[in-house]
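All of the numbers you see were taken from the coordinates with simple rules; none came from a lab. On a predicted model such as this, the values are computed, not experimentally measured, just so you know. Heads up, the Cβs are rebuilt from the backbone with ideal geometry, glycines too, and the neighbour counts pull from every protein chain shown.
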Amino acid sequence: MAKEDPAFIASPLRPLPNLIFASRWLQLPLYLGLIAAQAVYVVHFLLELWHLIEAAAGSQAALQSLVTSIGYKATVPVTSLNETIIMLVVLALIDVVMISNLLIMVIVGGYETFVSKLGLQGHPDQPEWLSHVNASVLKVKLATAIIGISSIHLLKTFINADNYSDRVLIAQTVIHIAFLLSAMAIAYTDKMMSDSAAAAAARH
């Protein structure tokens, strides 16, 4: 039986480096906190969905709860669902789903990248993006997710534009453009670094 190559045997860390390396586990409560936040979003989503179903069935209490939650205002009292209210509620639900997706990316990708391996290789439910995740990839994916969330917020604002001032509309548009430019800059920087690393590897 061949002996293991000493070069591939991990030597034990000295006390100080071991302590520094173990400090990554301090992030564990943060990820557990994000899981709790995810649970809150699930409860919020189900409540809003239930209110929408009740309002469609004619419940005035549920309708008023929806109108309040989406910030919808009308010149006459709202007594039944209309297309605008339904659209705003559905966009709010989509917003919750997209934020939930963002949380999953941060929880799973962040834990895998900065804390410990999850050991999902070969698992049928392993996310495709997790197989090649690193800090740069995670950063680009988060920026893309934030743009999607910002797009939903901007669309909700424009649909309900009568209840917002021009200043708010312009500010949200500018912020969304800033998110777009930031994501493009992050992606371009990551591409430049990847190209430089590939070129350096090719030279060697």
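A few notes on this one:
- Fewest neighbouring Cβ atoms within 10 Å first, the residues M98, M184 line up as M184, M98.
- By average C-beta atoms within 10 angstrom, highest first, the peptides 38-46, 117-125: 38-46, 117-125
- Under the span-like rule (Cα at least 24 Å along the axis, Kyte-Doolittle mean at least 1.0), DSSP H helices of the chain: 28-56, 83-104, 135-159
- Cα-derived Rg over Rh, computed across the stretch 99-165 with Rh taken as Kirkwood radius: 1.17
- A simple spin-label model places the labels of V174 and M193 3.0 nm from each other, with each point 7 Å out along Cα-to-Cβ.
- All C-alpha pair distances within the stretch 18-101, sorted into 10 Å bins from zero, spread as 16, 37, 20, 13, 8, 5, 1 percent across the bins.
- Distance histogram for the stretch 44-147 (every C-alpha pair counted, 10 angstrom bins, percent rounded to whole numbers): 13, 34, 19, 19, 14, 2
- Over all projection directions, the Cα-based convex hull of the chain averages an area of 18.6 nm².
- Dimensions (Å) - the stretch 135-204, Cα atoms, principal axes, largest first: 62, 17, 13
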